[in-house]
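Written out below as structure tokens is the structure these notes cover.
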Amino acid sequence: MKAKAILGALAGALLASTAQAGDVRVMWYSDGVEGEVIQDLLNRFMKENPGINVILDNVAYKVIQEQLPIELEAGKGPDIARVTNLKALAQHWLDITPHVADPEYWKANFGAQADWMRPDGSDAITGFMTQLTLTGGFANKTLFEQAGVEIPGEKATWDEWVDAAAKVQASQQLPAAFAIDRSGHRISGPNASYGGNYIGADGMPAPVDDGVKAFVTKLVNWTAEGKHSKEVWVSAAGTTYRSGADDFINAQIAFLYSGSWQIANLSTKIGDSFDWIATGSPCGTTACSGLAGGAAMVAIKYTQNPTEVGKVMDYLAREDIVKEFTERTLFLPAHKGVVAKGGLNFQTDDPNVKGALEKFVQASSQIAPAADALPAWKWASAYYGALVTRASQVMAGELKLEEAWARMDQDIADQVAQAK
């Protein structure tokens, strides 16, 4: 923690020392091609607004998750950031209502997700979703065909998907059958599909319940059996995120559970190496749910240039700019006007992409209520962190499952106490 604090302080000092009057620093991470797209859009903005210099700092997602919160707690950071931890850090976001040209435009087009990124009870405009996302699966269609294994159909269960992927693993001599991203967020849709619920009647975190235990137990057992990629989950510690996407791209697994944000990444890196499809979320005992979410562009309240920040945000939130960003990045838009008008021309020649996007749109209607409540819940990140930390320790042989449940509850309680 001391090392992280030092790194955060150094990064904050660097940002502060390099920022000039009229500068707007944007901290940005990418899953696919969106870093190139946003740079192009910002270059055009600067041509239209020569008095504003926008500096795009492309960083690893780990920096957004681990370093940015430290900077924010120190009252420092960039002027704008692309983040996924929306609610838990909402006290650090700037209310840009006084700094945008038409607040009613923002409310009309981004109001549906506004509560995801502002403090409870607030009506602040703090940013906008660059895209909506949904967790879900991807199958290597070519590997299934080579193994002579039928791809599970609609309403197939998690057990059926894992069994099918394990047959492909055996046939094609793969290191693992499948991988779920190392993320408490990623296993929360499956947990909800088995009846798991994180939110108590008082709005505070509920103890880990039987639904959570049901899926996490399955995941631990699949890992012990060599079906689930142990490497993805035990190669990091704590809440550190690791995706299984590279293993899928390299055809080392038959099934990946990640999310819609991977579509552009898979298309770019797989090319014509093999055929792949999106699958939606496998079913549990009560639902076949993924977890909605997304990344947001938020303004940081510690900026010295709020007027310039407002102009950058207004530009990026423009309907034509959102539409172009969506078409070029292969993301699902969060802008009400863009969604209502339709006619999106996704810029890809990859035949796998259109079907994948359509599948995620279809799966968005199957989100369980317990999962649907999480994006706007203050304590979601605390719950996700406890899940991934302790489940990975069980997979590594450092904890027994029965010990893990108690540790998860304690981790969450500690986060609540610390916040208070």
(request) Provide 218, 311, 62 in ascending order of the number of other Cβ atoms located within 10 Å of each residue's Cβ, fewest first. (result) 62, 218, 311
(message) Give me the dipole magnitude in Debye, nearest 20, for the range 101-220 about the Cα centre, with unit charges on the beta carbon: positive for Lys and Arg, negative for Asp and Glu.
(response) 400
(message) Connecting C-alpha atoms closer than 10 Å in a GNM of the chain, tell me which of 148, 355, 196 has the biggest fluctuation.
(response) 148
(request) Would you indicate which of (i) 25, 52, 18, 4, 1; (ii) 26, 58, 16, 0; (iii) 25, 54, 21, 1 is the value of P(r) over Cα pairs in 20 Å bins from 0, in percent derived from the coordinates of this structure? (result) (ii)
(request) Of the options 140, 243, 206, report the single residue whose Cα projects farthest towards the positive end of the charge dipole of the chain (beta-carbon charges: Lys, Arg +1; Asp, Glu -1). (result) 206
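Rounded to the nearest 20 Debye, what is the dipole magnitude of the chain about its Cα centre when Lys and Arg each give +1 and Asp and Glu each give -1 at the C-beta? Display every interim value, and only then the final one.
On the way: 36 positive and 49 negative charges, 97 e Å.
It comes to approximately 460 debye.
Taking the Cα centre as origin and putting +1 on Lys and Arg beta-carbons and -1 on Asp and Glu beta-carbons, what dipole magnitude results for the range 69-158, to the nearest 20 debye?
180
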(request) Return the sequence-ordered ³J(HN,Hα) values of the range 86-103 in whole Hz as given by the Karplus equation 6.51 cos²θ - 1.76 cosθ + 1.60 applied to θ = phi - 60°, using x for Gly and Pro. (result) 7, 7, 5, 9, 4, 5, 9, 7, 8, 6, 8, 3, x, 10, 10, 5, 9, x
(message) Please report Rg (one decimal) and Dmax (integer) in Å for the Cα set of the range 181-255.
(response) 14.0, 46
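Rounded, prolate or oblate, given the Cα gyration tensor of the range 354-420, with a/c below 1.5 counting as rounded?
Working: a/c = 3.24, a/b = 1.64, b/c = 1.98.
Verdict is oblate for the range 354-420.
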(message) Compute a Gaussian network model of the chain, connecting alpha carbons closer than 10 Å, and tell me which residue from 133, 217, 279 fluctuates the most.
(response) 217
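Among 215, 248, which comes first, then next, by fewest other beta-carbon atoms within 10 Å? Write down the numbers at each step before the final one.
Working: 215 23, 248 28.
Ascending number of Cβ neighbours within 10 Å: 215, 248.
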(message) Going by Cα centres, the range 339-408 and the range 64-95 are how many Å apart?
(response) 21
(request) Out of all DSSP beta bridges with both ends in the chain, state the antiparallel percent to the nearest 5. (result) 65
(request) Could you list, in their original order, any pairs among 213/400; 227/359; 87/269; 155/227; 87/107; 378/420 whose Cα atoms are separated by more than 23 Å? (result) 227/359; 87/269
(message) Just want the answer: with Cβ charges of +1 for Lys and Arg and -1 for Asp and Glu, which residue in 221, 305, 364 is farthest toward the dipole's positive end in the chain?
(response) 305
(message) I'd like to know which of 271, 233, 131 lies farthest towards the positive end of the charge dipole of the chain, counting +1 on Cβ of Lys and Arg and -1 on Cβ of Asp and Glu.
(response) 233
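Only the coordinates and a few stated rules stand behind these numbers; no lab work does. Since the structure is predicted, the reported quantities are computational estimates derived from the model, not experimental observations. As a convention, Cβ positions derive from the backbone with ideal geometry for all residues, glycine included, and neighbour counts pool all protein chains shown.
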